[in-house]
Amino acid sequence: QSDEVLTVIKAKAQWPAWQPLNVRAAPSAEFSVDRHRHLMSFLTMLGPSPDWNVGLSAEDLCTKDCGWVQKVVQDLIPWDAGTDSGVTYESPNKPTVPQEKIRPLTSLDHPQSPFYDPEGGSIKLVARVVIERIARKGEQCNIVPDNIDDIVADLAPEEKEEDDTPETCIYSNWSPWSACSSSTCEKGKRMRQRMLKAQLDLSVPCPDTQDFQPCMGPGCSDEDGSTCMMSDWITWSPCSVSCGMGTRSRERYVKQFPEDGSMCKVPTEETEKCIVNEECSPSSCLVTEWGEWDECSASCGTGMKRRHRMIKMTPADGSMCKAETTEAEKCMMPECHTIPCLLSAWSEWSDCSVTCGKGMRTRQRMLKSAAELGDCNEELEQAEKCMLPECPIDCELTEWSQWSECNTSCGKGHMIRTRMIKIEPQFGGTGCPETVQRTKCRVRKCLRGPGMEKRRWKEAREKRRSEQAKKNIDSDQYPVCRLKPWTSWTECSTLCGGGIQERYMMVKKRSKSTQFTSCKDKKELRACNVHPC
């Protein structure tokens, strides 16, 4: 009664429920889903029972990549509807008042329950539901196949149109058709490929390089009205013996009877020999039967497949179990075909990784062909160097020099200090600040008047005579400390902006007396080229 329901699933009842599959076929029904209604729920009672049931709730049949699941297999535990208080399958009716909420049965519900386990283990699985996609109808939102070996064909094969390949698309010849994806009378698909050698006009799109065609397994005819649609084989039954050689069987059921009303002649059961424990002695261990073979490790060509079994009981005499628990053998898949990679066009180059100077930029492309078609060794990303305008370089300076001596011998004067440019500013970088600084200095007061000047000149002359006389006395008493004359000033360290000149007075003869420890080389500095650049 709900507008949100697309299909009501109805299946024929099977009573009693415990009939084995070799007596009757499993109940089945068909239903539809679409892009808006893709959740499947069902509930079915187990009879006879106290309203026990199994089911699924909101099973999503839509895949993440906008496709439809191919097959879902779910093993189910029993639930209690909360309407009857019986504890066994054939308990008399005993309504539950008031009714309880539906809940899963557990292994500790009641000692008389068929599911009771005093250790509280997992409850037994009582049913299995198989949901299988049999057709896709209408326009599909994902044009890429789910995978090559698991495609179910549409109900009716579409008529192939004439080849409309543009003349500007140059292809190789078609490869041979692959084997059918179905080995039974269920519908499958087969595939062939061709390689796009050249596209002479990029504005004209080229058709696909893959072609699919509906098919069925060997001995089946799509047009034969007497064909039976069969399910896959159900898992092998346990071996009939626990030690030595026995038999096991497996079944399948009819999914669709022939349209002409004839009987199905396809076998629904097959039997084979099985060996569980080759030796039945105190030194042998009990193992389970071999499980089903794993899928082949290769999707095409030669691969390996494995199967496993478990140790049920170690040897009675306490020895080690020598039975193998893993078995492997080679498996052959359809021949591998080299299929060209289907790639998208390169994207635009990314922005440069830096805002100035040298950096890197990248571009990508996507793999369009299905992963099942084989590995693709083509590169999907490229990188290259990129160059933007040079980064600004700021001015760098040395530390300030020491202050020079005052430029006057009396009165007010000034001293200067300088610093040098280590790196000139470039490409719009920060300019250089001042490289010369001046500060005021004051020595002693200058004497004024002619008489005063004359007296000062006379005092200076007397002072020089006195110092010379002292030097002569010292030279007689002690070894002499003599200095060479001042050297010439060196060239200025810069042409403009403030530089430094140096000159030296070197010791000519050094006294050996400890009283003349101050007899050392001398050095003087002065500023030069202080005009701006």
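Counting only protein chains, not ligands or nucleic acids, how are V276, V33, V73 ordered by accessible area (probe 1.4 Å), most first? Intermediate results must be reported in sequence, preceding the final value.
Details: V276 10, V33 50, V73 75 Å².
Result of the area sort, largest leading: V73, V33, V276.
Ordered by residue, what ³J(HN,Hα) values in Hz, to whole numbers, does the range 308-316 give under the Karplus form 6.51 cos²θ - 1.76 cosθ + 1.60, where θ = phi - 60° and Gly and Pro are x?
Going residue by residue, I get 9, 9, 10, 8, 8, 8, 6, x, 5 Hz, with x marking Gly and Pro.
How large, in percent, is the carbon and sulfur part of the accessible surface of the range 1-133 at a probe radius of 1.4 Å?
52
Provide the FRET efficiency to the nearest 0.05 for the A127-A316 pair, computing r from the beta carbons and using R0 = 45 Å. It would help to have the intermediate numbers written out before the result.
Values: r = 37 Å, r/R0 = 0.83.
E(calc), rounded to 0.05, equals 0.75.
Got a sec? What order do F115, F257, F42 fall in by accessible area at 1.4 Å, biggest, i.e. largest, first?
F257, F42, F115
Quick one: grab the alpha carbon gyration tensor of the range 246-317, order the square roots of its eigenvalues as a ≥ b ≥ c, and give me rounded if a/c is under 1.5, else prolate or oblate depending on whether a/b is larger than b/c.
Numbers: a/c = 4.17, a/b = 1.74, b/c = 2.40.
Here the range 246-317 falls in the oblate category.
In what sequence, largest accessible area first, do C519, C406 appear using a 1.4 Å probe? Intermediate values should be presented prior to the final figure.
Numbers: C519 10, C406 35 Å².
Order by accessible area, largest first: C406, C519.
Could you compute the FRET efficiency for K422 and C356, with r as their C-beta to C-beta distance and R0 at 30 Å, rounded to 0.05?
For R0 = 30 Å, the calculated efficiency reads 0.90.
Please report the accessible area of T302 (heavy atoms, 1.4 Å probe, ligands and nucleic acids excluded) in Å², nearest 10.
Surface open to solvent at T302 totals about 90 Å².
Under unit Cβ charges (Lys, Arg +1; Asp, Glu -1), what dipole magnitude, rounded to 20 debye, does the range 1-135 have relative to its Cα centre?
Dipole of the range 1-135, to the nearest 20 debye: 360 debye.
Roughly how many Å² of H110 are accessible to a 1.4 Å probe, to the nearest 10?
70
With the cut-off at 1.5 for a/c, could you classify the range 372-442 from its C-alpha gyration tensor as rounded, prolate or oblate? It would help to have the intermediate numbers written out before the result.
Values: a/c = 9.75, a/b = 5.76, b/c = 1.69.
Prolate, since a/c reaches 1.5 and a/b exceeds b/c.
Students often check this: by mean Cβ neighbours within 10 Å, which of 523-530, 91-98, 487-494 ranks highest, and how do the rest follow?
Top to bottom by mean Cβ count within 10 Å: 523-530, 487-494, 91-98.
Taking a ≥ b ≥ c as the square roots of the eigenvalues of the Cα gyration tensor of the range 1-135, is the shape rounded (a/c under 1.5), prolate (a/b larger than b/c) or oblate?
Judged from the Cα gyration tensor, the range 1-135 comes out prolate (a/c at least 1.5, a/b above b/c).
Between T408 and H36, with labels modelled 7 Å along Cα→Cβ, what's the label distance in nm to one decimal, could you check?
Going from the T408 label point to the H36 one covers 10.3 nm.
Full-extension gain between N377 and Q99, please, as 0.36 nm times their residue separation minus the C-alpha to C-alpha distance.
Stretched out fully, the N377 to Q99 stretch lengthens by 93.7 nm.
Give me the one-decimal nm value for the distance between modelled label points at N173 and V241, 7 Å along each residue's Cα-to-Cβ direction.
Spacing of the two 7 Å Cα→Cβ label points: 5.7 nm.
Would you check the accessible area of Y116, probe 1.4 Å, heavy atoms only, in square angstrom rounded to 10?
About 90 Å², ignoring ligands and nucleic acids.
The values are calculated or read from the model by the stated rules, or taken from the named source; none is laboratory data. From a predicted model like this one, the values you see are computed outputs, not experimental measurements. Please note: Cβ atoms are built from the backbone with ideal geometry, for glycine as well, and neighbour counts cover all protein chains shown. The area values use the complete protein model at the heavy-atom level, side chains included, leaving out ligands, DNA and RNA. Shrake-Rupley method; radii C 1.70, N 1.55, O 1.52, S 1.80 Å.
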